[in-house]
Amino acid sequence: MQVVGMTNEREVWIASNTEKFRLNELVIIEDEELNNPVGEVIETYALNPFIPGVDEKSSILVDQEVVASLSSLGYNLEEEMIYTAKVRILSELFYPISTGAKVRYPCFAEVEELLLKTSPDKGLALGVILGTEGLTASLPLPYRRVAPLYEKGEIKPQTGVPFIFDYRAMNNYPHIGVFGGSGSGKSFGLRVLIEELIKKRVPLLVFDPHYEMSFNEVFHPGLPDDFKETFADRCLILTVGDDTGVKFEALTPADLCNLLSAVSPITEAMENAVTSILERGDSFTTFNQRLNDLMSLLESPNDDDFKKSFMASCQNIDEKKREAYLNRLMALKKQVGQLSTLKSINWRLNRLERQGIFRDQGIRQIEEGLKAQKAVIVRGSIWMLKVYAAYVLRSLYGKRRVYRDALQKGERAEEKFPPFVVVTDEAHNFAPRGEQNVPSRREIREIAQEGRKYGVFLVLATQRPALLDDTVNAQLNTKIIFRTVRSHDLNVIREETDMGSEEIKRLPYLPSGTGFVSSPVFGRTIPIRVRAAKTSSPHQINPFDELETVDERDGEIMNIIKECLPVNASNLVDLIQRLEACGFILSQERIINYLDMMVERGEIKREENRIVGYIYRLA
Amino acid sequence: MWNVQMVKDLRQFNVYIKTASKAIPHREELRKALSLWGTFRLGEKIPSLKLKELLGERTIAAVDGSRIEYASFYPYSLVLLRTLGKCTGREDLEKSKVITPLHAETAALVYKKKEKEGIGEEEAYRLYLKEELAHLEILTALEIAEKYKPCLLMLDGGFLLFDQFAEWRKLYKFCLENDIILVGIIEEVATSVLAKWLDLRLDHSLRIYDREILFGLLDKGEYLLFAADKNIKKNYHTVFARLGSLPQAIGCDFLAEQREKITQAMNLLYTLTPRHGQGIPLWLQITDAKVRLRKKETEKLIENCLEPELRELFFRANRERRAF
Ligand SMILES: Nc1ncnc2c1ncn2[C@@H]1O[C@H](COP(=O)(O)OP(=O)(O)O)[C@@H](O)[C@H]1O
Ligand SMILES: [Mg+2]
């Protein structure tokens, strides 16, 4: 291996007729005067001067016969390969490298500084650095078994130097972006990142729109025993609407407007109405009652009629109170204006209620989880999470700020609140670029810009970096980039990272789980293969398998059907009634569907009768 | 820029060579005449399997050399010579030499040549270089022959280029003793013997070269083998052959003692030559391509090894500093 051709102080070409160069591998260029600089292979070529290229003029035209003749003499033309590679010098040089300089592969110790910024016990072992496979043998023990790989459904031992992310450096370079198209390995990578953060007992708040983040099942039986690990007891999974929601009593008018507008955008008139109607300390019930009474008032032909019926309706309440309430309604009537405005508020409110968002355990559980240094995973539809995230983030970020500010001023903080990391997939939904008003964007922007001061960090994954808010994007100091195909997204990546054009060119072709890390922590773009996960989410049923399996309900229905056999397909009334009596309301088609399914499974048989059509009976 | 006179002169030259080419008889006539001196034969492509059988453990070898100069003007010249012996399925053998008349020793040798040949000093230097390369090639060939004892050993160029060296005798003897067919492949035939044999004459004194007669004369795969007593040069047997698609023939020099091997050798050479192209056996082309010293690379190498000031002092011509 040696340096050939023109060189400069940043890049050289190297060539060999025996070594096939691999992308991203490191080489040492033996140029004493320049202290034997290290370079990284960024482009590779193989060239056979005797096999003409498609578009080159070659002086030698070879026909297959001659090649065969030579090969029978023990000479393979294919072996006349010349391998060349473009190498980027990783240190700063002030004059060019000598042409002809020898090139060799390094051992680990010679390049350690370039590859490792911290050790596995201090940082996050996310995978291996590509191109370092040749260093595996010279790798010290503590670095050897921290990142087994997953290839083609099997676990493979770690090859190469582990990629260890120094998460403490987030204090200087906050926030992480995880970008990549669908199927590129984003979720997988996010999982590995979360596993590592859990291991370090970093409090995590994970928004999980895909219901895929749980950490209690072993990913693969082939994982080495000393690597296997699950995290059930360090996770707390909550579902918005079931386990958690917002505390209505704590909502400000602005909060409530945010929530309502998440259902569907709201007008200024609606905002004003909400502001007027919501009273401090309102529960959902009191607010809803007031809103409905107000609507009745606006609906009734005149105020006196309403007054009469109202005073009559709730005799058990103290008359003074009733009157005060009535007066309040009258006053509100003047402020809120249109009935249609109230109706619009009403249906949004009811929709939220039905989704369970006001089913409040407050966010106490989340707080407790974070304080216990757990990963709190909040599930819900994107729609719900968008609403919820705004509320939760404001509340928790606020608490953390109060605590930090108090510490700063030397005051005794009332409530200790830990630093935490917010993780979410589909981040472009939470902080979209553009005009429309998305409640969570403000909070995410604020954390992106100020979070570092308070020890609150973001890990945002998205398949559409181009749709992510610019301010937020610019604050993601570390970016992990998987396969990306869309040109818009590639453009954003080109602008927002220090990736070179060679790497950008490779992005559309990366295999799942392979990506680049662009981070000021490293000072250069590092190609990585994300390690095998330790855990997986419970087996996801393929929807097509789902169609083929028979669940309990189906079984029950079929049993009832069997009891009613034989039946005639043109007269299912008895069967329908029988099923309804058991709580199964099915159409005629559905029932025939069940019958045919049972025929297919060989449980019953179907006969054709010329007069009545099909008759089903026990087999 | 060219002027009217230049155009006129070139047109006139065109007429001149046209007349000359017309003096050459037609193909059929030529073939008839030449068949009195030798025989036209058709080569055979040997199938791979049979080739293996034929050669057994033996191999095909070729030797070629390359020379490149880094210079301003004489005697500020630095020449690199490199030769390569390549044997199928075996390791390559490379030799090289750096020559410059700035060395007293070399200068003395060049001076001797100049005196002997009665030519200019620079011309003597050119001749010296050519011979040095041929010498190096013969040394390489000898080493290849001794090391691998190939079945066929190709040299790049006719035997006349090589037979002045002491090692030639050694190579010659070794090849005969070890049944190595030695062949000198001549890509550009430069002799002018055939016209004399055929008694072709032009009205003016223009010479007819063999290549003019050979052009288009042979069919694809055909070669012309002269009778044993009809030698183009010395007592070597020269065969003219068209092994590829181009209509021009190449020459192949054989040793007189190996005459009965010529058929086999020609079939081998034909087998190893791509159907389309100049008709040079691929093995020789590969050797040629691998040994060739390329200008840019060489310049880089020299610039790396010589200090800039010295380079400037010795090898930078004033005209190179001109802006146009
Ligand atoms: N690091 C990895 N190693 C091996 N396979 C991976 C890796 N990352 C992803 N994959 C494969 O690619 C598939 C898709 O990955 P996933 O993370 O779900 O993509 P995304 O979230 O980007 O749509 C996974 O199911 C897995 O089979
Ligand atoms: Mg995903």
- Query: How crowded by other chains is B:272-282, given as the mean number of beta carbons from other chains within 10 Å of each beta carbon?
  - Reply: 4
- Query: When a footprinting reagent is the concern and you count Cβ atoms within 10 Å, what order do A:Lys186, B:Lys50, B:Lys95 take, fewest first?
  - Reply: B:Lys50, B:Lys95, A:Lys186
- Query: Taking Rh as the Kirkwood radius computed over C-alpha pairs, what is the Stokes-Einstein D of the protein assembly as shown at 20 °C in a medium of viscosity 1.002 mPa s, expressed in µm² per second?
  - Reply: 57 µm²/s
- Report the charge-dipole magnitude of the protein assembly as shown in Debye, nearest 20, computed about the Cα centre from +1 at each Lys and Arg Cβ and -1 at each Asp and Glu Cβ. 1180 debye
- Item | Nitroxide proxy distance, nm - points 7 Å out along Cα→Cβ at A:Val485 and A:Gln289 | 5.8 nm
- Task: Just list whichever of A:Lys416/A:Lys453; A:Lys416/A:Lys479; B:Lys52/B:Lys220; A:Lys371/A:Lys534 have alpha carbons separated by over 28 Å in the model shown.
- Result: A:Lys416/A:Lys479
- Two-decimal Rg/Rh of the range A:543-618 from alpha-carbon positions, Kirkwood Rh? 0.96
- Among B:Arg311, A:Arg201, A:Arg441, A:Arg412, what is the fewest-to-most ranking by other Cβ atoms within 10 Å? A:Arg412, A:Arg201, B:Arg311, A:Arg441
- Task: Sort A:555-565, B:185-195, B:270-280, B:14-24 for me by packing, meaning the mean count of neighbouring Cβ atoms within 10 Å per residue, highest on top.
- Result: B:270-280, B:185-195, A:555-565, B:14-24
- Helix A:268-277: angle to the longest alpha-carbon principal axis of chain A, degrees 0 to 90, nearest 10? 60 degrees
- Among A:Gly185, A:Leu114, A:Thr341, whose Cα lies farthest out toward the positive end of the dipole of chain A, if unit charges sit on the beta carbon of Lys, Arg (+1) and Asp, Glu (-1)? A:Thr341
- Query: If the viscosity is 0.890 mPa s and the temperature 25 °C, what Stokes-Einstein diffusion coefficient in µm²/s follows for chain B when Rh is the Kirkwood radius over Cα pairs?
  - Reply: 110 µm²/s
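Please compute one quarter of the surface area of the Cα convex hull for the range A:484-619 and express it in square nanometres.
So the Cα hull casts an average projection of 15.2 nm².
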- Under a straight-distance cross-link criterion of Cα-Cα below 19 Å, which lysines are reachable from A:Lys343, leaving out those fewer than 8 residues away in the same chain? A:Lys333, A:Lys334
- For B:Lys45, go through the aspartates and glutamates and keep the ones whose alpha-carbon is under 19 Å away, minus same-chain ones fewer than eight residues off. A:Asp63, A:Glu65, B:Glu53, B:Asp219, B:Glu222, B:Glu260
- Query: Anyone know which of B:His237, B:His103, B:His135 comes out most mobile in the 10 Å Cα GNM of chain B?
  - Reply: B:His103
- Message: Suppose every Lys and Arg Cβ carries +1 and every Asp and Glu Cβ carries -1, with no other charges. What dipole size does the range A:248-354 come out with about its Cα centre, to the nearest 20 debye?
- Response: 80 debye
- Message: Run lengths n ≥ 4 of DSSP H only: what is the helix-derived mean residue ellipticity at 222 nm for chain A, with -39500 (n - 2.57) per run over all residues, to the nearest 500?
- Response: -11500 deg cm²/dmol
- Task: Scale the Cα Rg of the range A:248-354 by the rule-of-thumb value 2.2 N^0.38 Å and send over the ratio, two decimals.
- Result: 1.07
- On a C-alpha basis, how far is the centre of the range B:222-256 from the centre of the range B:126-167 in Å? Whole number, if you could? 19 Å
- Task: Work through the residues other than A:Asn346 whose Cβ is under 14 Å from its Cβ and net out their charges, Lys, Arg +1 and Asp, Glu -1.
- Result: +2
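Rounded to the nearest 500 deg cm²/dmol, what is the calculated helix-only ellipticity per residue at 222 nm for chain B, with -39500 (n - 2.57) per DSSP H run of length n ≥ 4?
Estimated from H runs of four or more residues: -13000 deg cm²/dmol.
Quote the charge dipole size of chain B about the Cα centre in Debye, to the nearest 20; the model charges only the Cβ of Lys and Arg (+1) and of Asp and Glu (-1).
Charge dipole of chain B: 800 debye, to the nearest 20.
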- Task: Would you mind checking B:Lys114/B:Lys196; A:Lys20/A:Lys199; B:Lys112/B:Lys170; A:Lys199/A:Lys386 for any pair whose Cα atoms are more than 30 angstrom apart?
- Result: B:Lys114/B:Lys196; A:Lys20/A:Lys199
- Item | Bridge type composition, chain A - antiparallel percent by DSSP, nearest 5 | 65 percent
- Message: If you consider only alpha-carbon coordinates, what radius of gyration and Dmax does the range A:2-106 have, in Å?
- Response: 16.7, 52
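Every number here is computed from the coordinates shown, using simple stated rules; none is lab data. In this text, all values refer to a predicted model and were calculated from it rather than measured experimentally. FYI the Cβ positions are ideal-geometry reconstructions off the backbone, even for glycines, and counts take in every protein chain you see.
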